[in-house]
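Below: the structure, in structure tokens.
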Amino acid sequence: MLPLDRQNEYRRRYRALNPNWQPSGDTFEQIVRESISSSTRLLDLGGGRGGLIEKIHAEVDSATALDPDLPSLREHRVRTVSRICGLADALPFPANSFDLVTATWLLEHLSGPAAVFAEVHRVLKLNGRFVFLTPNVLHPILIANRASQVVSNLQRALVPRLYARAEADTFPVRYRANTERSLHALCRRVGLTLDLRFIADPTYTAFNDPLFRLSVLVERFIPASFKIHLIGVAVKT
């Protein structure tokens with residue numbers, strides 16, 4: 001598997017070819033930072049051991065991490081963050097509790113996303129935001145991964161790169177909230193207004209220079225709504 005520093009070098013090269021491009025993680029962080037202030041009450045779903053909350057917890061009024069995996073929460077890298085063991089489809093908070101809810105690499109694991117979106121809507125304050133980052137199941141890599149059990153080992157190899165976590169933190173993927181159509185339907189059902197962004201990244205198959213050049217070429221022909229990552233900003237109106 002390509003080391004992360006090598007992948008980041010290919011990302012630097014891809015950005016040199018496309019100056020307006022940035023990786024999904026950077027775009028996600030930028031959107032979240034634009035959504036916070038010193039009065040923000042933040043809930044991070046599936047935060048486990050940390051993530052973006054590590055960078056921004058001191059910039060908000062309160063930061064809470066919720067995860068069903070207790071060992072992960074016990075190893076959370078920010079001890080001052082409130083840590084709650086629980087499920088996203090039954091959030092243990094009163095209605096209208098948070099200004100911002102975030103979820104990074106969570107939606108692809110949900111067995112019942114409709115319940116989760118309803119709960120997010122319930123705990124958000126009016127005009128509150130739900131900002132999420134998740135893979136797009138329509139991307140060729142994901143299509144190939146779902147199409148055949150033969151590539152299950154490929155999934156295990158790509159998970160740390162696609163989702164930025166160790167194999168020990170991988171969980172079953174279901175992809176029930178991972179297309180433009182499904183996400184808009186989920187948001188409409190509960191009363192969230194969704195702005196969805198599609199982020200390209202050909203470096204996941206750039207294992208060497210020739211493959212990088214080929215991946216960049218192929219990327220040009222992938223429709224916008226099929227790009228590998230989805231970033232959503234859903235507002236409670």
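Some observations on this one:
- Screening D195 on (1) touching a helix residue (DSSP H, G or I) at 6+ places or on another chain (Cβ under 7 Å); (2) outside any helix (DSSP H, G or I) shows it passes everything except condition (1).
So that you can scan it fast, the table gives a plain yes or no per residue for (1) modelled with pLDDT of 95 or more; (2) surrounded by fewer than 20 Cβ atoms within 10 Å (Cβ to Cβ):
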{"residue": "D5", "(1), (2)": "no, yes"}
{"residue": "R12", "(1), (2)": "yes, yes"}
{"residue": "L17", "(1), (2)": "yes, yes"}
{"residue": "S24", "(1), (2)": "yes, no"}
{"residue": "V32", "(1), (2)": "yes, no"}
{"residue": "S38", "(1), (2)": "yes, yes"}
{"residue": "G50", "(1), (2)": "no, yes"}
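- Just one residue in the set L186, L211, L194 is farther than 29 Å from R15 by Cα and not small (G, A, S); that residue is L186.
- Single condition F221 does not satisfy, out of (1) assigned to a loop (DSSP other than H, G, I, E, B); (2) modelled with pLDDT of 85 or more; (3) surrounded by 14 or more Cβ atoms within 10 Å (Cβ to Cβ): (3)
- Of all residue pairs spaced 6 or more apart or on separate chains, those with beta-carbon atoms under 9 Å, a first member in the stretch 208-237 that is farther than 15 Å from V137 by Cα and a second member that is crowded, with 17+ Cβ neighbours inside 10 Å and among the charged types (D, E, K, R) are E219/D201; E219/K227; V233/R129; A234/R129; V235/R129; K236/R129.
- Checklist (1) among the aliphatic types (A, V, I, L, M); (2) out of contact with any strand residue (DSSP E or B) (no Cβ under 7 Å at 6 or more places or on another chain); (3) assigned to a helix (DSSP H, G or I); (4) surrounded by fewer than 22 Cβ atoms within 10 Å (Cβ to Cβ) applied to L142, failing item: (2)
- The condition of being buried (at least 17 other Cβ atoms within 10 Å of the Cβ) and either touching an Asp or Glu at 6+ places or on another chain (Cβ under 9 Å) or of a type in the set (K, R) (or both) holds for only one of A206, A200, that being A200.
- Failed item in (1) more than 18 Å from the chain's Cα centre (by Cα); (2) at pLDDT 95 or above; (3) outside any strand (DSSP E or B); (4) not aromatic (F, W, Y), with L126 passing the rest: (3)
- Conditions (1) within 27 Å of N136 (Cβ to Cβ); (2) touching a strand residue (DSSP E or B) at 6+ places or on another chain (Cβ under 6 Å); (3) modelled with pLDDT of 95 or more: number failed by G46: (3)
- Looking only at the stretch 171-206, and only at residues there that are closer than 16 Å to L4 by Cβ and polar (S, T, N, Q), the one that is modelled with the lowest pLDDT: T205
- With respect to the conditions (1) outside any helix (DSSP H, G or I); (2) at pLDDT 95 or above, P210 lacks only one, and its number is (1).
- Per-region count, the stretch 14-47, residues of a type in the set (F, W, Y) and under 12 Å from F132 (Cα atoms): 1
- Flag for D61 being over 19 Å from V216 (Cα atoms) and surrounded by 14 or more Cβ atoms within 10 Å (Cβ to Cβ): no
- Residue that is farthest from D67 (Cα to Cα), among those in the stretch 10-55 that are touching a Ser or Thr at 6+ places or on another chain (Cβ under 9 Å) and charged (D, E, K, R): R13
- With respect to the stated conditions, E54 is farther than 17 Å from F98 by Cβ and surrounded by fewer than 20 Cβ atoms within 10 Å (Cβ to Cβ).
The values are calculated or read from the model by the stated rules, or taken from the named source; none is laboratory data. Predicted, not measured: the structure shown is a model, and the values here were computed from it. Positions of Cβ are generated from backbone atoms using ideal geometry, with glycine treated the same way; all protein chains shown enter the neighbour counts.
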